Each structure stands twice: as C-alpha cells, then as structure tokens.
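The values are calculated or read from the model by the stated rules, or taken from the named source; none is laboratory data. Everything numeric here is computed off the predicted structure, so don't read it as measured data. Note that we place each Cβ from the backbone using ideal geometry, even for glycine, and neighbour counts take in every protein chain shown.
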Amino acid sequence: MASSETSSGLTSDGAAYQLELTSVTKAFPGVLANDAVSLKVKPAEIHALLGENGAGKSTLVKMIYGILKPDAGEIAWEGKPVDIAGPNAARALGIGMVFQHFSLFDALTVSENIALALPAGHRSDVDGENLAEEIARVSKSYGLPLDPAAYVHDLSVGERQRIEIVRCLLQNPRLLIMDEPTSVLTPQEARLLFETLRRLSSEGCAILYISHKLQEIRELCETATILRGGRLVGTCDPREETTQSLARMMIGETPLKPKRDQATDAMSDRPVRLRVDGLSVPSGHAFGVSLKNISISVRAGEILGIAGVAGNGQSELMEAMIGEVLCDLPHAIAIDGKPVGKLGPRKRRELGVCFVPEERNGHATAPGMALSENGLLSADKRMGLTRNGWIDEGKRNGFASDVVSRFNVKTAGIHAAAGSLSGGNLQKFSVGREIVQEPGVLIVDQPTWGVDAGSAAFIQKALIDLAASGAAVIAISQDLDEIFAIADRIAVISEGKLSDASPVDDVTIEEIGLLMGGIHRGDPGDTSQTRPGGGAS
Amino acid sequence: MIRLEPKGEDSRVMSRFSPVIAIALTVVTGGILFGLLGKPPGASLYAYFISPLSTLYGVSELGVKATPLILIGLGLAIGFRAGVWNIGAEGQFTLGGICGGALGLAFYEIDSILLMPAMLVAGILGGMAWASIPAFLKTRFNANEILVSLMLTYVAVLLLSYLVHGPLRDPDGFYFPESRLFHDAAMMPNLISGTRLHWGVLFVPLGAIAIWLLLSKTILGFQLKVYGQAPRAARFAGYKEPRIIWFSLLLGGGLAGLAGILEVGGTIGQLTPVISPGYGFTAIIVAFLGRLHPLGVVLGGLMMALTYIGGENAQIEIGLPSAVTGLFQGVLLFYLLACDVLIKYRIRIGSGRSARV
Amino acid sequence: MDALMLLLLTVITAATPLLLAATGELVTEKAGVLNLGVEGMMIVGAVTAFAVAVTTGSSGLGIIAGAAAGVLMSGIFSFLTLSLLANQVATGLALTIFGIGLSSMIGKGFVGLAVTPLSQLDIPGLSAIPFLGPILFGQDVLVYLSFVMLFAVSYVLRKTRIGLILRAVGDSHDAAHAIGYSVLKVRYLAVLFGGAMSGLAGAYLSLAYTPLWAENMTAGRGWIALALVVFATWRPARLLLGAYLFGGITILQLHGQSFGWSIPSQIMSMLPYLATIAVLVVISGDRAKIRLNAPACLGKVFHQTK
C-alpha cells in the first residue's frame, strides 16, 4: 500500500522529491476524475503511473503539465509548493510532456513544430540555423533521427513521437512525462525507446511513465503508482511484483479471459465467406496511406486478427471494406462468392456484411441523435425498419431496445443521445447493433479501444460467439493481447501492405513485431534497421 | 470570467425558449435604440409591433409578407439541417418570379384557368434550375455552395433588371422599366377582398406539413439530418452525399421559386426591377429563428413579417427610418445565436478554479 | 498611351478594396476562423468613414473611423463565435445582414453628400517618371497601404514567431492549446485584424472609389474578397494576382460601352460574379490542393475544457 515515507517533501535519503502531489482532486461534470490522489516522484527515477482506460491517469498528468487546474490539493516541485498556470509555466519549471495524441501540427515542419514549444527568445528561435543544428545534435546523441525540414504530415507515427521527445529534451527537462508512448510503436521500437529513457534517467531526469501494459512497466520502472476509478490504489516496486499481482491492483479482480473452444471440424472444409483479392486503393488525401495489393480470405466460423501500428492503413482498409471508398474492380472484394467491390455500404450490408468502425463517436454513430435513430444507420434494410421510405417507429424502437438489453448497454433509454453514453457502453451499442443483425461477415476496427475491462471482455466474448455461430469475423486491433486471445489466424498490416495470415499458435510476438515494423519473413531481418511503418512510399 | 460547461445532452427546454429570449432581448434593444433616436420607446414599440396587427388589413399584410418568408424558410431549414448552406434563395426567388412571370406575359392574350398553375410550375422549375447550378458545381467541382449561390443572386437580380429594361418591358409603358400588368388569368385569385392576401397563402400549411413529414417520418429526412450532424456516420451508413446536396438545393430552390412566382403573380401583378425586399436573406433568419423545425419556421416567418410591416408602420406613424427593419433582423439573429449557447452549455460565472479544500 | 495609363489607374482603384479585405480575411482564416461577414464589415466601414470624413472634413479621421468600425463589427463576430461558440457560418451571415441594415441607417443623412476624394500622395521625384510614375508612385494612402499590408502579412506569416503561432493555431487548435498557446487570444486578434482591413476596404470605397455614400454600395465585393482567399489557396502572393484580375474584370464591365460593345450594361455587370464562380470551380476542383493548403481547423469550434 501507500509508501510509508511521511516526512514532508523529503525522500528517505533526505533529498527533496522531484515532484510531489498531495490529495489532488479534479471533477468534471458527472465524473470525479481524480479523488485525492497523491504521488511522489524521486529525482532521476523512472516512475510508472499504472491504470486501465478511464482510471484518471491522463487527467492527473494534465494537471502536472498545467493544462488542467486541480479543484483541490497541492503540487510541490523540488520541495516547494507551486502553482502551474499553464504548459509554458510547466516547461519553465523543467517539466516536459510527450502526449499520447501528439500535439503536433501536420502542416508545419519538424523544426517549426519544435520552435513552437520553445520559450520565445530561446537562443534558437523560429527558422534560425541554430535550431536545426541543435535538433541534429540532440537527435544524434539520443539516437532519435529526424529531418528538421520535413513536414510532419509526411512522417510515420514513430518519427512523430521522436519530434515530441526531442522537443522536450531541448529544454533540459528535470521530469519527462510519457503518456502511453508504446501504444503507437512496434515492440522493437519500444525497446529503443526504453534505452533512451534509461539513458535520460541516468543523466538525472526523472520520468513519469503512463501505461496500462504490465510487462513493460515491470521491465522499465522502479516505482509504480496505481490508479483505479480515479482513486489511488497503492504504490509498489513493479520489479518485485508479478504481472498477475499488478493486474489485480489495476483492475481490482482478475478479468475473465475470453476462452475459445477448439473447432470440432477442420477449418479448411468450411466455406470462404469473405475474400479480398489484390485490393489496391490509392490514398484519397495528402496525409493518407495507400493500400497495396491486399488479399484476405476468411472462412465461416473463423476470426482473422489484423495487427499493426496505428496509421499503417487500418482506417483506409476499413473504408474500403465498408464501401465508403469503392474499389476499381468488382472482384477485389467478394462476399459469399458475390463480387461487391463496386457496391456501396447499403448493398454490401444486404449481402450480409456488417461493420464496426474504430471511431464510435461520429463515425459508427451520430452522437447528437438518439440510440433508436442510430439503429437506423446500419440496420434499416436488414431489419426491415422502413417501409417504402417511411420509418416504422415501432420496429425502430424495438430493434434499439433489443440491442440495449442483449448487450447490456447502460443508458437512460433508447431515446438518449448516443453521445451521452460512456465509451464502453457506446461501444457495446455499436458492436451490438451489428451482431443483432446476425451478419454472415463482421468486420470490426479496434473493437475494445479505450473501453473499460468489463465491456472489453463482453465485446470479445460476443465476437467469439458470433464466429461460433458460423460467421466470418475480421478484427483489426492494435492490441496484440486481444488478437492472441480471440483470433484463429493473424495477419499484420504495415505501410498499406498486409502480410500472409498465420495461425496464432504458430507465431511469436517477436515475429509479429518484426512484421509490424515492415520486415517480412525471409527478409534480411536486421532488427537494427527496423524502420517504423511510414506514410505512402 | 465566464465559463461554458457542456451539458452532455442538448436541453430541449432551452431549445424552445432561446428564440423567445432572443425576441425579448431584441425588443428591449429596439426600445433603447428608439430612445437614442429621440423617439418615445413605448409608443415606437407599439407602432412597430402592436398597431400593425390591430386592423384586418394589417393582419392580411402579415400573411402577404409571411408567405414568401415561410416558404423560403422551409426550404432553407431542410438545407441547413443537411449542412448545405444555400444562401442564394434571393436569386432562386427572383428566377421563380422571372420564369413564372415570363410565361404569364408570353400567354398574355390567353384566358385559360391552366395559365396560373403553369406559371407556378414554371416558377418552381426556375428556382430549381437556379439552385441546380451550385448543386452541380458543388458535387462535380467541390465549389463552395455559399459563395456560388450568393454570386448567382447578384446575377439573378441583374438579369431581372435587364429583362424589365429590355425584352419584357411594357411596350405601352413609356420606357418605364416594368412589364405589362398581368391578365386576370395570370393572377393568383384574391382570398379576402379589400386586401392583397391571395390563395397562395395556402401553400404555407401544405408546405409546412409536407416538410414536417419529410423530416420526422421518412428515411430521406433522416438521411439529411445525419449528413448534417455527422457526415462520417452518413458515409458509414452509405448515404450518398451528392444525392443529399442535390435534394437539399433543389427543394430549397423550388420553394424559393414558388415564393417568387406567388409574389409576382399574386401580390405585385407584374415584373418590376425589384420584386423582393430581401425575403431570400430574411428567410435565413426565419429558418434559424424557427430552430430549423417546420412549425418553428411558420412562427418565425410571422415574426419576421411583423418586422417588415412594423417598420413601414413605424415610418408612417413615428417617422422612424425604414432601415431599422434590417437592423432589427440582424440584431435578432445575433441574440438568437448567442442564446443558443444555452442549449448546449451551462454558463458558470467565476474563475476556473474553485477554492482549495 | 494615356488611355492605357488611365485604364491601369482605374484597375488599381477597383482592385484595392478587394486586396485590403482579402488580406484581412486571409489572416483570419489562417488562424482557423471563417468570417463570412466581410461584406457587412466593409459596408459599415464605408458608411462610418464617409460620415466621419463629411462631419470632420478630414479623410484621415474617416479612414481611422472606417477601420475602427470594422474592428467593432468583427468584435461582435468574435465574441459570438469564439466566446459563445456560435456557428461561424450563421454568425457571418448575421453580421452581413446586420451590417447592411446598420449602414443604411447611419447613412440616411449622408446620401447625396460628397467629400473630396482621397488625395494622391505623390512620392517626390518618382511620381514624375513618365507612365510608371503616376501608376506606381502617385496613388493615395490606402493603395500604398494595401501593398504594405500584403507584404507585411506575407512576411509575418512566413518569417516570424507570431506568424508561426498563427499558422499553428489554424492547423490544430488542440495541439496549440496543449503546448500552451491561448487559442482564443490568437483568434480574437486575427478576427479583429480582419475586421480592421475590411473597414479600410469600405473606407476606400466611400472616400476614394466613388467617393460618396450609397446604400449597398459594396455590391458583393466582400463576398468576392472571400472567394479570392480560396482562389489564392491561402497564399498572400496569389492574393495580389487575384485582386488585380478581378479589378480588371470590374473595369472591363465599366468600360465595355466605351469600347463600342453593344452588350447590355446589366449583362456586363454580371461579369465579376460569374468570374468569381468560374474561379471557384477551377480552384476547388483540385481537392488535394485545397486540403493541403486550407487551414485544417477552418470554421471549427474550439472549446477549451473538452
């Protein structure tokens, strides 16, 4: 439980804490995001802030970085109480932060992006050559290669993260906050990042490392502070804990791992329900990824997992599968043998495919509209909710009630706006709306992204049950644990190309990691040359 | 410092009341303005908002002015719901007047009961044709419909001016820039004798009910709303963007064109260089004042019609400048937009940080 | 020679108000705000400048008053859209409707009056150069200002920290907020600058172009200025080209008859509006280019505590 050191502001060896939070509280309308949370970070320590989605980690660090103001509580920096008025003030103190959703400007260059985070009048202001030199120096010495003149929209996710890190390092921070940094990296890239962080720590910079990934916390961090539901659960040394004990502290109880029954008959005897054959889609916009020669086949009863680092063509693939972007060739996509490449989403649904896109707010649902109306979006034809263009309100409401009750969606009712639901409940609605339609093929993108553990387990079980009933399922996910838990076969998408699918039992995380980094089996696999998946080449 | 906190869900109560608050604030502002102009505020406001309605003629004029405003406003409300910003209704109105009016003049000698219906159809088609230009350029070339439809308004007004100065000028009119007066068969019959109110006013309830059914009962109306609120969700559902843009603009243009021919063939009785006191623009306010809801648009149209006849009345009775009308309309829209913040947000006064515990 | 010079001089007078207003709107849009009320700010600027110039007898005060009126108008817009988070399209339209009403009310007592046209500021020596002298160095103060402001805006946007911050706010207001810039402050200033420039454009119309006051005298120039920003794909240098192109078209319309063309004047008057549509079609067709150059946050509401 909580650390026994009570002497105010001093560590056991008598030095002042780098950062000390005492009973910090922050409430948003309807949510108590942080409830009297305390946190002590020693100088030069790598300190984990552990918690699942929605535990209040991001809110807490936003207060440290001055983006949010605490409602109550104290923040002390190097032993002195401080009032951090904003990010500029935080940076002036020596706090740097690398955001989970990067705070970068797509239309600006690397050096412009970095200049914006430096204080006005910094010795290398705006486009001076000094800045370019300094970027080159820092990026070289920490192994973070960057081209100062490149535009951000041309860079890969890994390179973008490097900009954020270099931007912090240029200001010689005493504390570096990293918000879920590895969620966008391949395992190999993550290891390189850990080396950089250890090096920084050895040079005296404390690191506050936010994550919900237990293994990497045990590998990297010396101390862990654990949050659950906005409250402090405890502090521990993660190196002395097991993954299971950390998980118990983070989640409260060991979550039920979805269990797959072994298939009774041979997979190869079953019919192919979805076939994608040489699908290529040039990127529709300047900052997108082009899909290159993608082939997939999924049989009845099978779940195919598609892994990959965010931004490698997943959303483009999803758009092409839904039919938001049409293919040039009708045969590029076939449902139960029928070519659908040139058909729109409505026609594809009639043939038995349903979809759950990644973004639940605004893509899968219209947030301002009632759940009952959102049911109409994808189910009007399959469920007969309209007749000759007129909406059958009884059927419409019945369908929405059915989804809400079968998927255990917590809501004020089917007339509540979709946007008023919590992430987990809205996701259960979005997935449930498609599964209740009993599709022959279901394609889901990031089915449990940003969802609480209970809802995630529920959704994963629903996908498994759907496959068991004879549907073919594709689950695109960044979460490797999820893919290994639910999928029969796994393929990896990288720079718009999809690897061959392999049975999950035949591959290791390491192999998947290499594929995520764009290295294919049989390639001269020198990991030191691993380059993160990038934009269209 | 003022802070806004999202309510999460839109307040239905505020959604109904914010137009009422906006109107009240406009009236108060009007009173102050009249005072500043050296007129007695009470008497001025009475002359503006009350006394026009004290006679049958006044009430009938309200109908005369509200008819085009509501018809155009209904069409615009559909477009704005879909996020299609047709602000060239004034031009579509003008084209409706030109096409319907030209037909009436072409069959000047013909005395057939079919002439008026034919003129209405011509007017509707004229408005739709004018609106099809921004629809085509938007769907084909991605050209901004706001600027295109607005530019076409200037073109339409110039076209009307050219026609009444040239080809459609009354040959016996001593070079006066006006067409001949329409024949009886080319005129909308009068509804109440002694007033200018004609049968065209019946299009208002018809139109309002039809638009209400479209918006609340049909999948097409639902598609328009989804496209306006969450365009990505509309693409996910598979609704076709060009179809929604074409439908919104053609419907808006058709209703504006209908309003135009009703004005020319029902109220004015001939083509003149100016056939609208800015109905096409005022209808934008009508649509917002009515919360883009058909019933609201009817009420909003009556309210805005009152600012027109109130302005005329106040000019006669108190000597207020007629430009006050435009000013009032602009102020009302400002207040309305400001009050709308109450629908989505809760206003908190005080600093961002509450006292430390 | 003289006829050509005269033509070029009139092109400058027609282009200047467009250039002034479009330069202001470009800055506003670069910060991510779409203010469709240019027409309204322009016409209030025109009537205010005229009224002050007539009353005080000073065109200088008139110009300042015109700019100030533009600032006040844009202040209403920025309060509604930035502080009260109102829809920018609807508020811009409201600003135009309000501006036209307000201007005709203010201008009621000034119809038919005249002011001395804005005097030329000859640059000694240079303005005596034959042909080029009067064109380049014999203009009034607002013509010079239109160039100075365009180059200043171009320089500031590309070369200074303020310009960088402005572009950053227009590209991603969330990122700008996250690293500590006040999105609201930057946007308020950008909108107010746009208002001042529109006010100056109006002042130029009523003090130099006509020079008199007439209702609706802006005749859609504010809207054309908006289209010019799209035409220029948000790059100042191309704004200059666009404004002079449209200035030329306007002049063509005025001089059509003197060339002996037998086209009715109304049809000629349609030219600038038709040309605007043509330009929009040509530029907007290239969606990729628009997406690359348009500020990514253009027209989007920024709410801080989300």
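Side notes on the structure shown:
- Residue in region A:361-387 that is surrounded by the most Cβ atoms within 10 Å (Cβ to Cβ), counting only those that are in a loop (DSSP other than H, G, I, E, B) and more than 10 Å from chain B (Cβ to nearest Cβ): A:MET383
- Test for C:THR233: is it β-branched (Val, Ile, Thr), under 23 Å from B:VAL148 (Cβ atoms) and touching a Leu at 6+ places or on another chain (Cβ under 7 Å): no
- Test: residue in region C:119-140 that is within 14 Å of chain A (Cβ to nearest Cβ), part of a helix (DSSP H, G or I) and among the aromatic types (Phe, Trp, Tyr): no
Every residue, every condition in (1) within 14 Å of another protein chain (Cβ to nearest Cβ); (2) crowded, with 23+ Cβ neighbours inside 10 Å; (3) under 26 Å from A:ALA247 (Cβ atoms), yes or no:
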{"position": "A:ASP392", "(1), (2), (3)": "yes, no, no"}
{"position": "A:SER422", "(1), (2), (3)": "yes, no, yes"}
{"position": "A:LYS428", "(1), (2), (3)": "no, yes, yes"}
{"position": "A:GLY450", "(1), (2), (3)": "no, no, yes"}
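- Among the strands (runs of 3 or more DSSP E) confined to region A:282-348, there are none with at least 1 residues that are within 14 Å of chain B (Cβ to nearest Cβ) and at pLDDT 95 or above.
- Residue count for region B:113-132, restricted to those that are more than 22 Å from B:GLN270 (Cβ to Cβ), of a type outside the set (Gly, Ala, Ser) and surrounded by fewer than 22 Cβ atoms within 10 Å (Cβ to Cβ): 0
- Of the residues making up region C:3-58, those that are of a type in the set (S, T, N, Q) and surrounded by 24 or more Cβ atoms within 10 Å (Cβ to Cβ) are C:THR16, C:THR23, C:THR28, C:ASN35, C:THR48.
Okay, residues lined up against (1) closer than 12 Å to C:ALA21 by Cα; (2) in contact with an Asp or Glu (Cβ under 9 Å, 6 or more places away or on another chain); (3) buried (at least 24 other Cβ atoms within 10 Å of the Cβ):
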site	(1), (2), (3)
C:ARG167	no, yes, no
C:LEU205	yes, no, yes
C:ALA208	no, yes, yes
C:PRO211	no, no, no
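- Candidate set from region A:46-81 (those that are touching a Lys or Arg at 6+ places or on another chain (Cβ under 7 Å) and part of a helix (DSSP H, G or I)); member that is nearest to A:LEU246 (Cα to Cα): A:THR59
- Any chance A:GLU358 is surrounded by 19 or more Cβ atoms within 10 Å (Cβ to Cβ) and among the acidic types (Asp, Glu): yes
- The residues of region A:140-152 that are at pLDDT 85 or above and assigned to a helix (DSSP H, G or I) amount to a single one, A:VAL152.
- Of residues in region C:169-192 being touching a residue at least 60 places away in the same chain (Cβ under 8 Å) and of a type in the set (Ser, Thr, Tyr), the one surrounded by the fewest Cβ atoms within 10 Å (Cβ to Cβ): C:TYR188
- Of all residues in region A:503-518, those satisfying the criterion of being at pLDDT below 90 and either in contact with a Lys or Arg (Cβ under 6 Å, 6 or more places away or on another chain) or under 17 Å from A:GLN188 (Cα atoms) (or both) are A:VAL507, A:THR508, A:ILE509, A:GLU510, A:GLU511, A:ILE512, A:GLY513, A:LEU514, A:LEU515, A:MET516, A:GLY517, A:GLY518.
- B:LEU159 falls short on exactly one of the conditions (1) crowded, with 17+ Cβ neighbours inside 10 Å; (2) more than 15 Å from B:ILE275 (Cα to Cα), and that condition is (2).
- Members of region B:191-227 found to be in contact (Cβ under 8 Å) with a residue 12 or more places away in the chain, aliphatic (A, V, I, L, M) and within 30 Å of B:PHE141 (Cβ to Cβ), listed by number: B:ILE211, B:LEU214, B:LEU215, B:LEU220, B:LEU224, B:VAL226
- Residue among B:SER11, B:SER51, B:SER15 that is hydroxyl-bearing (Ser, Thr, Tyr) and over 25 Å from the mean Cα position of the chain (by Cα): B:SER11
- Residues that are among the small types (Gly, Ala, Ser) and farther than 12 Å from A:THR22 by Cβ were ranked within region A:60-81; the one that is nearest to the other protein chains (Cβ to nearest Cβ) is A:GLY66.
- Among the criteria (1) away from chain A (no Cβ under 14 Å); (2) among the hydrophobic types (A, V, I, L, M, F, W, C); (3) without any contact (Cβ under 8 Å) to a residue 12 or more places away in the chain, the one B:ALA230 does not fulfil is (1).
- Pair list, Cβ under 9 Å, 6 or more apart: region A:447-474 residue closer than 17 Å to A:SER297 by Cα, other residue part of a helix (DSSP H, G or I): A:ALA467/A:ILE486; A:ALA471/A:ILE435; A:VAL473/A:LEU463; A:VAL473/A:ILE464; A:VAL473/A:LEU466; A:VAL473/A:ALA467; A:VAL473/A:ILE486; A:ILE474/A:MET321
- Test result for A:ARG198, within 19 Å of A:GLY51 (Cβ to Cβ), at pLDDT 90 or above, in contact with a helix residue (DSSP H, G or I) (Cβ under 8 Å, 6 or more places away or on another chain) and not in a strand (DSSP E or B): no
- Of all residues in region A:82-118, those satisfying the criterion of being crowded, with 20+ Cβ neighbours inside 10 Å, assigned to a helix (DSSP H, G or I) and either at the interface with chain C (Cβ under 10 Å from one of its Cβ atoms) or among the hydroxyl-bearing types (Ser, Thr, Tyr) (or both) are A:PRO87, A:ALA90, A:ARG91, A:SER111, A:GLU112, A:ASN113, A:ALA115, A:LEU116, A:ALA117.
- Helices (runs of 4 or more DSSP H) wholly inside region B:263-357 containing at least 1 residues that are modelled with pLDDT under 85 and β-branched (Val, Ile, Thr): B:324-339, B:341-344
- Residue among B:GLY228, B:GLY200, B:GLY194, B:GLY253 that is in contact with a Phe, Trp or Tyr (Cβ under 8 Å, 6 or more places away or on another chain) and farther than 30 Å from A:ALA366 by Cβ: B:GLY194
- One residue stands out among those in region B:310-323 that are buried (at least 22 other Cβ atoms within 10 Å of the Cβ) and within 25 Å of B:LEU71 (Cβ to Cβ): the one that is nearest to the other protein chains (Cβ to nearest Cβ), which is B:GLY311.
- Residue match in region A:320-332 (condition: within 17 Å of A:GLU434 (Cβ to Cβ), in contact with a Pro (Cβ under 8 Å, 6 or more places away or on another chain) and in contact (Cβ under 8 Å) with a residue 60 or more places away in the chain): yes
- Search result, residues across region B:41-63 that are without any contact (Cβ under 8 Å) to a residue 24 or more places away in the chain and over 20 Å from B:VAL298 (Cα atoms): B:PRO41, B:GLY42, B:LEU45, B:TYR46, B:SER54, B:THR55
- Among residues of region C:260-304 being within 7 Å of another protein chain (Cβ to nearest Cβ) and of a type in the set (S, T, N, Q), the one that is farthest from the chain's Cα centre (by Cα) is C:GLN266.
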